[in-house]
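I have placed the structure first, in the form of structure tokens, so that the comments after it can refer back to it.
The values are calculated or read from the model by the stated rules, or taken from the named source; none is laboratory data. Here the structure is a predicted model, which means the values were calculated and not measured. Cβ sites come from the backbone with ideal geometry, for glycine too, and all protein chains shown count toward neighbours.
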Amino acid sequence: MKSSLRVHGPIVVASVAIVAQYVLAFFVFGLPGTAVMHWIGWGIWLLSVYLGIAPIFILGRRGGVAAGKSYVHTTRLVDTNIYGVVRHPQYLAGICLGLAMMFLAQHWLIALLGIVSITMLALDAKEADRQGIEKFGTEYQRYTERVPQLNLILGVWRRIRDRNPKYRKDP
């Protein structure tokens with residue numbers, strides 16, 4: 001039986017780059033730089049924690065996961081909670097981690113590694129969309145039209161707009 005959990009080169013490269021960012025930032029460079037940038041970095045880091053952990057519980061509860069299986073083994077498309085704002089919150093969590101480290105370390109090498117990790121995660125998110133279409137068909141295709149892939153700001157704006165009667169298109 002074919003496994004539904006696939007590992008691709010971009011996610012491996014992104015993971016190595018993020019780990020390298022952390023090791024360099026905390027153990028080699030010691031987080032130099034300005035306090036304002038550090039506060040921004042910690043704020044982005046906290047956002048990444050939520051984006052990384054929330055899907056475990058959301059998919060586990062709403063994704064039709066069989067007892068004893070990992071949350072990644074969903075059988076139903078979930079488009080509520082954070083999945084109604086962005087399609088790939090865990091990829092966005094990784095992107096936020098890379099970005100947070102850029103703000104925290106404020107070093108060119110950390111920024112370069114962050115660019116690499118962000119690029120690789122964005123590439124792998126495209127592959128995840130392809131897999132979603134393969135698994136859920138037209139339902140997922142419609143989902144991609146409603147919910148942005150990784151753009152949290154656009155996703156929040158659409159949620160606000162869709163809930164406000166002033167912006168609704170229905171008669």
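When residues in the range 1-31 are screened for being of a type in the set (Ser, Thr, Tyr) and either modelled with pLDDT under 80 or more than 22 Å from the chain's Cα centre (by Cα) (or both), 2 of them pass. Taken residue by residue, the range 92-109 has no member that is aromatic (Phe, Trp, Tyr), out of contact with any helix residue (DSSP H, G or I) (no Cβ under 7 Å at 6 or more places or on another chain) and either touching a residue at least 24 places away in the same chain (Cβ under 8 Å) or buried (at least 21 other Cβ atoms within 10 Å of the Cβ) (or both).
Within the range 150-165, residues that are touching a residue at least 40 places away in the same chain (Cβ under 8 Å) sit with their Cβ atoms under 8 Å from residues that are among the charged types (D, E, K, R) and not in a helix (DSSP H, G or I), at 6+ positions apart or across chains, in these pairs: Leu150/Arg87. Among the residues of the range 68-79, not a single one is farther than 25 Å from Tyr140 by Cα, hydrophobic (A, V, I, L, M, F, W, C) and at pLDDT below 95. Tallying residues that are surrounded by fewer than 15 Cβ atoms within 10 Å (Cβ to Cβ) and under 30 Å from Ser70 (Cβ atoms) within the range 11-41 yields 5. Filtering Leu104, Leu99, Leu92 for residues that are at pLDDT 95 or above and under 14 Å from Tyr22 (Cα atoms) leaves a single hit, Leu99. For Thr34, indicate whether it is modelled with pLDDT under 95, hydroxyl-bearing (Ser, Thr, Tyr) and closer than 22 Å to Ile133 by Cα. In short, no.
Here's the yes/no breakdown for (1) of a type outside the set (A, V, I, L, M); (2) surrounded by fewer than 17 Cβ atoms within 10 Å (Cβ to Cβ); (3) assigned to a helix (DSSP H, G or I):
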site	(1), (2), (3)
Ile53	no, yes, yes
Phe57	yes, yes, yes
Lys69	yes, yes, no
Thr74	yes, no, no
